[in-house]
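Please read the structure below before turning to the comments.
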Amino acid sequence: MDRVSRQVRSQIMASVRTAGGGPERKMEALLRGRGIRGFKKQWPVAGKPDFAWPKLKVALFVDGCYWHGCPRCDRPSKSNRAFWKPKIISNRRRDLRVARKLRSEGWKVLRVWECRVGEETALSRIVRATQSRGVRERRRVAEPWRDTGSP
């Protein structure tokens with residue numbers, strides 16, 4: 001049983017941010033650090049991917065471990081389980097529907113769990129997907145015109 005009225009609960013839930021949380025900011029920093037550019041945030045296609053490369057049709061979702069039921073973290077709700085278990089299941093079903101729809105429209109869909117954002121395997125998958133569709137990592141190159149050594 002909830003401690004607040006339905007109206008108050010609705011207002012609380014409506015105020016929860018859906019984008020730009022910690023994992024998304026961390027992923028953005030990692031992408032930029034690897035020199036991966038050209039992404040848009042919250043691109044208006046099915047599911048509103050956290051990051052999208054529209055020209056390449058690559059969509060990246062950063063799924064929160066709690067909200068999407070990460071099998072590695074397995075953090076079930078301690079309260080109101082009758083509500084949360086079906087809610088997490090419906091979130092996962094929606095994720096599958098969204099991925100299916102995007103793939104049918106020619107998109108490459110990537111999903112990274114919140115707990116795996118900083119892992120090299122996750123970044124490698126993103127690099128491979130974007131490179132196979134045309135984006136190259138920007139490498140830092142020496143700038144000879146800034147060389148103050150010999151003439």
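Counting only residues that are over 21 Å from SER132 (Cα atoms), surrounded by 15 or more Cβ atoms within 10 Å (Cβ to Cβ) and hydrophobic (A, V, I, L, M, F, W, C), how many does region 91-105 have? Of the residues in region 91-105, 1 are over 21 Å from SER132 (Cα atoms), surrounded by 15 or more Cβ atoms within 10 Å (Cβ to Cβ) and hydrophobic (A, V, I, L, M, F, W, C). Kindly indicate whether any position in region 78-91 is under 25 Å from GLU119 (Cα atoms), under 18 Å from the mean Cα position of the chain (by Cα), at pLDDT below 90 and among the polar types (S, T, N, Q). No, that holds for no residue.
Filter region 43-59 down to residues that are touching a strand residue (DSSP E or B) at 6+ places or on another chain (Cβ under 8 Å) and not hydrophobic (A, V, I, L, M, F, W, C) and give me whichever is surrounded by the most Cβ atoms within 10 Å (Cβ to Cβ). Result: PRO49. The residues on offer are GLN7, GLN42, GLN11, and the sole one that is on the phi > 0 side of the Ramachandran plot and among the polar types (S, T, N, Q) is GLN42. Contact annotation: no residue pair with Cβ atoms under 6 Å, 6 or more positions apart or on different chains, pairs a residue in region 1-16 that is of a type in the set (A, V, I, L, M, F, W, C) with a partner that is at pLDDT 80 or above.
Out of region 111-137, which residues are closer than 13 Å to LEU56 by Cα, surrounded by 13 or more Cβ atoms within 10 Å (Cβ to Cβ) and not basic (Lys, Arg)? Let's see the steps before the verdict.
At the first step, the residues of region 111-137 found to be closer than 13 Å to LEU56 by Cα are 126-136.
From the residues that got through so far, the ones that are surrounded by 13 or more Cβ atoms within 10 Å (Cβ to Cβ) too are 126-127, 129-131, 133, 135.
Within region 111-137, ILE126, VAL127, ALA129, THR130, GLN131, VAL135 meet the criteria.
For region 31-57, give me each residue that is more than 12 Å from the chain's Cα centre (by Cα) and in contact (Cβ under 8 Å) with a residue 24 or more places away in the chain. If the condition is that a residue be more than 12 Å from the chain's Cα centre (by Cα) and in contact (Cβ under 8 Å) with a residue 24 or more places away in the chain, then ARG34, GLY35, ILE36, ARG37, GLY38, VAL45, ALA46, TRP53, LYS55, LEU56, LYS57 are the ones that fit. Scanning region 68-90 for residues that are outside any loop (DSSP other than H, G, I, E, B) and buried (at least 16 other Cβ atoms within 10 Å of the Cβ) turns up HIS68, TRP84, ILE88.
Restricting to region 58-106, name every residue that is more than 21 Å from ALA122 (Cβ to Cβ), of a type in the set (Gly, Ala, Ser) and either in contact with a Phe, Trp or Tyr (Cβ under 7 Å, 6 or more places away or on another chain) or touching a residue at least 12 places away in the same chain (Cβ under 8 Å) (or both). Result: SER77, GLY106.
Would you please name the residue that is nearest to GLU120 (Cα to Cα), looking only at residues in region 20-29 that are surrounded by fewer than 16 Cβ atoms within 10 Å (Cβ to Cβ) and under 12 Å from the mean Cα position of the chain (by Cα)? Among those residues, the one meeting the criterion is LYS26.
The values are calculated or read from the model by the stated rules, or taken from the named source; none is laboratory data. The model shown is predicted, which means the values in this text are computed figures rather than measured ones. Quick reminder, even Gly has a Cβ in these numbers, built from the backbone with ideal geometry, and neighbours come from all protein chains shown.
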